[in-house]
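I have placed the structure first, in the form of structure tokens, so that the comments after it can refer back to it.
The values are calculated or read from the model by the stated rules, or taken from the named source; none is laboratory data. Source: prediction; values computed, not measured. Here the Cβ positions follow ideal geometry from the backbone for every residue, glycine too, while neighbour counts run over all protein chains shown. Heavy atoms of the whole protein, side chains included, go into the accessibility calculation; ligands, DNA and RNA do not. Shrake-Rupley method; radii C 1.70, N 1.55, O 1.52, S 1.80 Å.
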Amino acid sequence: MSRTKIKICGLRRMEDIEAVNRLKPEFIGFVFWEKSKRYVSPEQAEALRKKLDPKITAVGVFVDAPEEEVSDLLNRGIIDIAQLHGHEDEKYISGLRELTGKPMIQAFQIRSEESADEILKKAKNSTAEYVLIDSGMGSGKSFNWDLLKDFPREYFLAGGLDPENVGEAVARTSAFAVDVSSNVETDGKKDEKKMKAFVDAVRKN
């Protein structure tokens, strides 16, 4: 079985880039949603990307952004993958595909066990290259991972993962990748010790 990959999201500072270059997660995320406290402008992301180890894939996180804005960042190489975290639908995805050949991650949120079947059915049928299953937008809470037991496609697992529980998450799910943001921060800034603990917990499995 291939090793579960790691995505560290919400990088904003050059120190964050230096830290991930040492830790070597497979993916990092820049948040382009202006309401987020982790928001970076395209100019900031471009400067950070230039210092990022080229072996690390850069993901841009968007919430209902115009397709042209997303495709521009992809086509300029500031990001490699677009993560769609709003109400984007299949029409949006096909429109974006006309503007860029780059891959997408579509995010789905399981807010309650009652809604899980319906959400997972939509995720299964998404035409995005990857799907991300979350408990809510940056909620910092996890959900019942057993709901994903027979999920038939590769997915990023997000929501409430931290250095203490991610090892169990990897053991209990067949997640293609695990995604973390707020739980590797101290006082709102990325903390390299916590990031390292998270990476180590995933990779010892």
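Going through region 93-112 one residue at a time, which ones are closer than 9 Å to Ser71 by Cβ and either within 19 Å of the chain's Cα centre (by Cα) or in contact (Cβ under 8 Å) with a residue 40 or more places away in the chain (or both)?
Within region 93-112, Leu96, Lys102 meet the criteria.
Within region 195-205, track down each residue that is open to solvent by less than 30 Å² (accessible area, probe 1.4 Å) and either of a type in the set (D, E, K, R) or touching a residue at least 40 places away in the same chain (Cβ under 8 Å) (or both). Give the steps one after another, and end with the answer.
Of region 195-205, the ones open to solvent by less than 30 Å² (accessible area, probe 1.4 Å) are 195, 198-199, 201-202.
If the condition is that a residue be open to solvent by less than 30 Å² (accessible area, probe 1.4 Å) and either of a type in the set (D, E, K, R) or touching a residue at least 40 places away in the same chain (Cβ under 8 Å) (or both), then Met195, Phe198, Val199, Val202 are the ones that fit.
Considering only region 150-205, how many residues are of a type in the set (Asp, Glu) and part of a helix (DSSP H, G or I)? Before you say what the answer is, go through the steps one by one.
Let us first name the residues in region 150-205 that are of a type in the set (Asp, Glu), namely 150, 154, 162, 164, 168, 179, 185, 187, 191-192, 200.
Now restrict to residues that are part of a helix (DSSP H, G or I): 168, 192, 200.
Adding up the residues that qualify gives 3.
State all residues of region 7-29 that are touching a Lys or Arg at 6+ places or on another chain (Cβ under 8 Å) and part of a strand (DSSP E or B); if no residue qualifies, say none.
Within region 7-29, Ile8, Cys9, Phe27, Ile28, Gly29 qualify.
Kindly establish whether Ala47 is open to solvent by 10 Å² or more (accessible area, probe 1.4 Å), small (Gly, Ala, Ser) and within 26 Å of Asp16 (Cα to Cα).
Numbers: open to solvent by 10 Å² or more (accessible area, probe 1.4 Å): yes; small (Gly, Ala, Ser): yes; within 26 Å of Asp16 (Cα to Cα): yes.
It is true that Ala47 is open to solvent by 10 Å² or more (accessible area, probe 1.4 Å), small (Gly, Ala, Ser) and within 26 Å of Asp16 (Cα to Cα).
Say we look at region 151-170 and pick out the residues that are over 24 Å from Glu118 (Cα atoms) and among the acidic types (Asp, Glu); which of these is most open to solvent (accessible area, probe 1.4 Å)?
Glu164
Select from region 158-175 the residues that are farther than 17 Å from Met195 by Cβ and among the hydrophobic types (A, V, I, L, M, F, W, C) and write down the one among them that is modelled with the highest pLDDT.
Ala175
Which helices (runs of 4 or more DSSP H) sit wholly inside region 31-149 and have at least 1 residues that are modelled with pLDDT under 95 and of a type outside the set (Asp, Glu)?
Ranges flagged: 113-125.
Residues of region 1-32 being in contact with a Gly (Cβ under 8 Å, 6 or more places away or on another chain) and at negative phi, which ones?
Taking region 1-32 first, the residues in contact with a Gly (Cβ under 8 Å, 6 or more places away or on another chain) are 7-11, 29-32.
Lys7, Ile8, Cys9, Leu11, Gly29, Phe30, Val31, Phe32 - these are the residues of region 1-32 that are in contact with a Gly (Cβ under 8 Å, 6 or more places away or on another chain) and at negative phi.
Restricting region 176-194 to residues that are under 15 Å from Cys9 (Cβ atoms) and hydrophobic (A, V, I, L, M, F, W, C), which is surrounded by the most Cβ atoms within 10 Å (Cβ to Cβ)?
Result: Val180.
Go through the residues of region 127-138 one by one and say whether even a single one is open to solvent by less than 80 Å² (accessible area, probe 1.4 Å), more than 16 Å from the chain's Cα centre (by Cα), under 26 Å from Ile56 (Cα atoms) and without any contact (Cβ under 8 Å) to a residue 40 or more places away in the chain.
yes
Specify which of the listed residues (Asp80, Asp89) is among the charged types (D, E, K, R) and surrounded by 14 or more Cβ atoms within 10 Å (Cβ to Cβ).
None of the others qualify; the one that does is Asp80.
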